[in-house]
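A short worksheet on the structure shown next.
The values are calculated or read from the model by the stated rules, or taken from the named source; none is laboratory data. Note that the structure is a prediction, hence the values are computed from the model and not measured. We place every Cβ from the backbone using ideal geometry, glycine too, and count neighbours over all the protein chains shown. When the accessible area is computed, the model is the full protein with side chains, heavy atoms only, and any ligands, DNA or RNA have been set aside. Shrake-Rupley method; radii C 1.70, N 1.55, O 1.52, S 1.80 Å.
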Amino acid sequence: MMFRRVERMAACVSDMKAKKMSVKSLITLVLIGLMSIIDVVVTESVTRPRGVSLTNEPFYRDSQWFTCLDGSRQIFKSQVNDDYCDCMDSSDEPGTSACPQGKFHCNNRGFKPKYIPSSRVNDGICDCCDASDEYKGPGATQCSNNCRELGRADLERRQQEIILMNQGFDVRQEYIKQGIEKKAEREESLKKLREEKEVADQLKDEKERLKQEAESPEKEAKDAHKAVWDAQQAVLREERDKQRANEAFDELDADRNGLITPDELADHKEFDSDGDGEVSEEEAKAVLIGIDRLPKATFIGPIWKNIKEKFKSLPKVTPEDPSPVPSPPEDVNEGDASEEDLDMGDHGDMNDEDEEDFADEDDEDEEFDDDLDEGELMEKYAKHRADYEKKKEVKGKGEDGEEMPEYDEATKKLIEVADAAREEFKEAEKQVNDLKKSIEDIEKLMNVDLGPQQEFEPLQKQCYEYTDREYTYKLCPFDKTSQRPKAGGSETQLGNWGQWEGPDENKYSKMKYTRGRNCWNGPDRSTLVILRCGLENKLVSASEPERCTYEFQFETPSLCTTKTDVETGEIDSHDEL
Ligand code: MAN
């Protein structure tokens with residue numbers, strides 16, 4: 001009868017192997033099998049010394065002799081369990097506490113058999129549920145056999161577990177369905193988007209061509225307009241320069257005799273080239289290129305050209321107004337914007353009106369949004385600034401600060417046409433970029449391994465939390481893991497999605513998240529997520545076994561790969577799809 005049961009169990013085990021059953025279910029079945037073996041042992045009453053397991057029974061079978069299990073010594077059978085330790089390996093006293101290393105086997109019929117150290121035999125404490133370790137002394141009366149109750153409770157618990165796993169299996173089937181549908185949906189969207197992008201690319205090329213076509217005559221007309229303006233400005237500049245030269249001559253010619261002499265330069269300290277506080281005769285002569293009496297015509301020609309940068313008008317002092325007239329401000333070179341001028345809060349050398357213009361443009365620019373990081377913001381700012389400078393240059397301020405005259409009607413029309421072409425190109429370009437982004441987003445999602453049957457798809461884009469005494473931990477599958485102090489404070493990245501990391505035969509049982517926030521004086525933070533079957537998606541624990549290396553336990557129906565018949569223990573691992 002016993003052999004028949006064992007055979008049945010073996011057949012069942014091999015059947016389960018064929019169906020790739022889960023290790024947990026295999027263990028459950030083996031336990032059930034073992035219990036039935038124990039049952040057989042007791043009912044068929046194989047006699048063996050106290051404290052000996054069924055496996056070791058053959059070594060104690062001889063009626064006359066016993067050989068210590070390590071083979072070191074042979075003793076009379078009567079010396080087994082005689083409360084005196086004869087064998088070095090303690091194997092002659094499995095049922096007493098005589099040997100220091102002895103092991104007592106509790107049969108625990110109806111529950112799980114187990115070994116206890118034989119020092120616990122007859123110590124007054126019940127260790128075996130069948131009370132077999134307490135057969136002498138106070139324990140013998142106090143301990144009772146409660147293996148059946150324990151066995152029943154354990155069976156109920158395991159049956160409950162099986163029921164939950166079965167429900168999880170059904171959810172998994174649903175997940176697989178969803179996952180497959182989602183994959184097909186994504187493939188379809190991707191196909192559509194790629195086709196749309198092809199059309200959008202062509203449209204963009206066409207719009208670019210039209211833009212260039214419109215910009216070429218626009219540029220020509222604008223350049224011509226500017227050339228006329230520049231020429232007028234050059235004439236004006238020359239006249240101004242001549243006027244300044246005349247005024248400078250009149251100022252230097254202190255005695256107003258129409259000639260400048262070296263001593264007339266003495267008050268003009270800007271000609272003190274050696275910085276000794278005096279304008280010496282040599283220094284004055286050098287300015288006047290050696291001419292002692294310099295007429296206006298010569299001054300206005302080569303001399304003025306040499307000194308105009310240096311020359312400064314002396315302050316005029318009148319009796320009514322003794323305070324010195326301030327020197328005119330140094331020319332401000334429009335192009336010399338220093339780095340400070342480019343500071344974000346100050347628009348450099350702009351006047352108030354310019355500042356307003358710039359601010360208005362800032363307001364209109366939706367691209368200056370809060371999501372940009374500092375680098376992007378600076379880049380956008382620089383581009384904005386460059387555009388602004390370009391516009392300013394086109395407006396063109398003349399010698400007297402007046403603006404470049406408006407374009408003629410024909411040029412204005414060309415600008416209008418080019419603006420429209422630019423706008424259309426911008427629109428087409430935006431469309432291409434939007435499509436490109438959508439394609440990339442879907443490709444990114446599709447590149448994630450969501451399991452052989454897409455059964456992990458419903459976990460994508462979700463997050464799960466677990467809170468312990470100090471932190472709230474978060475798992476966003478296929479994205480990242482993080483930690484937030486309960487007491488408040490910022491979130492710390494504990495890793496970004498890396499890869500599946502279970503062993504070959506159970507690859508989808510572990511996830512690895514790497515490259516989290518660097519640990520001070522340590523590695524980058526990382527998280528290992530251990531998954532198991534559960535009725536719901538739930539982060540059930542989080543710990544930090546090593547500094548900055550985290551371990552999460554996560555339950556999910558996606559891993560409920562088997563369905564077990566609660567009555568027969570039969571296992572089905574076939575997905576229904
Ligand atoms: C933070 C948390 C901890 C971690 C330490 C390391 O306090 O991320 O989990 O151990 O930093 O300094």
Next item on the list: Please enumerate the residues belonging to the range 124-142 that are surrounded by fewer than 16 Cβ atoms within 10 Å (Cβ to Cβ) and either touching a residue at least 12 places away in the same chain (Cβ under 8 Å) or among the aliphatic types (A, V, I, L, M) (or both).
Entry: GLY124, ILE125, TYR135, LYS136, GLY137, PRO138, ALA140, GLN142
Checklist line | Residue check for LEU435: more than 16 Å from the ligand (Cβ to nearest atom), touching an Asp or Glu at 6+ places or on another chain (Cβ under 7 Å) and under 24 Å from ASN537 (Cα atoms) | finding: no
Checklist line | From the options GLU443, GLU491, GLU470, residue that is over 29 Å from PRO557 (Cβ atoms) and modelled with pLDDT of 95 or more | finding: GLU470
Notebook entry, point to check: Can you name every residue in the range 52-72 that is part of a loop (DSSP other than H, G, I, E, B) and either among the hydrophobic types (A, V, I, L, M, F, W, C) or open to solvent by less than 10 Å² (accessible area, probe 1.4 Å) (or both)?
Noted result: VAL52, SER53, LEU54, CYS68, LEU69
Check: In the range 467-485, what residues are touching an Asp or Glu at 6+ places or on another chain (Cβ under 6 Å) and either farther than 11 Å from THR527 by Cβ or open to solvent by 50 Å² or more (accessible area, probe 1.4 Å) (or both)?
Finding: THR472, ARG484
Item checked: Residues located in the range 143-180, provided they are more than 24 Å from GLU555 (Cβ to Cβ), open to solvent by 80 Å² or more (accessible area, probe 1.4 Å) and in a helix (DSSP H, G or I) -> ARG148, GLU149, ARG152
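If a residue must be in a loop (DSSP other than H, G, I, E, B), away from the ligand (no atom under 16 Å from the Cβ) and either within 18 Å of the chain's Cα centre (by Cα) or not aliphatic (A, V, I, L, M) (or both), how many such residues does the range 440-472 contain?
Adding up the residues that qualify gives 13.
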Margin query: Which count do you get for residues in the range 73-106 that are more than 24 Å from ASP130 (Cβ to Cβ) and open to solvent by 70 Å² or more (accessible area, probe 1.4 Å)?
Written below: 7
Check: Can you name every residue in the range 74-93 that is assigned to a loop (DSSP other than H, G, I, E, B) and in contact with a Phe, Trp or Tyr (Cβ under 7 Å, 6 or more places away or on another chain)?
Finding: VAL80, ASP92
Margin query: What pairs come out if I take residues in the range 541-565 that are β-branched (Val, Ile, Thr) and pair them with residues that are in a strand (DSSP E or B) whose C-beta lies under 6 Å away, six or more apart or interchain?
Written below: THR549/SER526; THR556/LEU531; THR562/ILE571; THR564/ILE571
Check: If LEU475 passes every condition in (1) within 16 Å of the ligand (Cβ to nearest atom); (2) assigned to a loop (DSSP other than H, G, I, E, B) but one, which one does it miss?
Finding: (2)
Item checked: Filtered residues of the range 525-540 (kept if in contact (Cβ under 8 Å) with a residue 24 or more places away in the chain, open to solvent by 70 Å² or more (accessible area, probe 1.4 Å) and over 17 Å from THR472 (Cβ atoms)) -> ARG532
Margin query: Looking at the range 499-511, can you tell me whether even one residue there is under 27 Å from ARG158 (Cα atoms), open to solvent by 40 Å² or more (accessible area, probe 1.4 Å), in a loop (DSSP other than H, G, I, E, B) and modelled with pLDDT of 95 or more?
Written below: yes
Next item on the list: Tell me, please, whether a residue that is touching a strand residue (DSSP E or B) at 6+ places or on another chain (Cβ under 6 Å), closer than 19 Å to CYS548 by Cβ, more than 14 Å from the ligand (Cβ to nearest atom) and without any contact (Cβ under 8 Å) to a residue 24 or more places away in the chain can be found in the range 484-497.
Entry: yes
Checklist line | Residues (open to solvent by 30 Å² or more (accessible area, probe 1.4 Å), without any contact (Cβ under 8 Å) to a residue 24 or more places away in the chain, among the charged types (D, E, K, R) and not in a helix (DSSP H, G or I)) located in the range 251-272 | finding: ASP255, ARG256
Margin query: Looking only at residues that are in contact (Cβ under 8 Å) with a residue 12 or more places away in the chain and of a type in the set (Lys, Arg) in the range 206-237, which one is nearest to PRO405 (Cα to Cα)?
Written below: LYS226
Next item on the list: Starting from the range 273-290, take each residue that is in a helix (DSSP H, G or I) and list its partners that are aromatic (Phe, Trp, Tyr) and surrounded by 10 or more Cβ atoms within 10 Å (Cβ to Cβ), counting only C-beta distances under 8 angstrom and pairs at least six apart or across chains.
Entry: GLU283/PHE271; ALA284/PHE271; VAL287/PHE271
Next item on the list: Filter the range 550-570 down to residues that are surrounded by fewer than 19 Cβ atoms within 10 Å (Cβ to Cβ) and closer than 23 Å to ARG515 by Cα and give me whichever is farthest from the ligand (Cβ to nearest atom).
Entry: GLN553
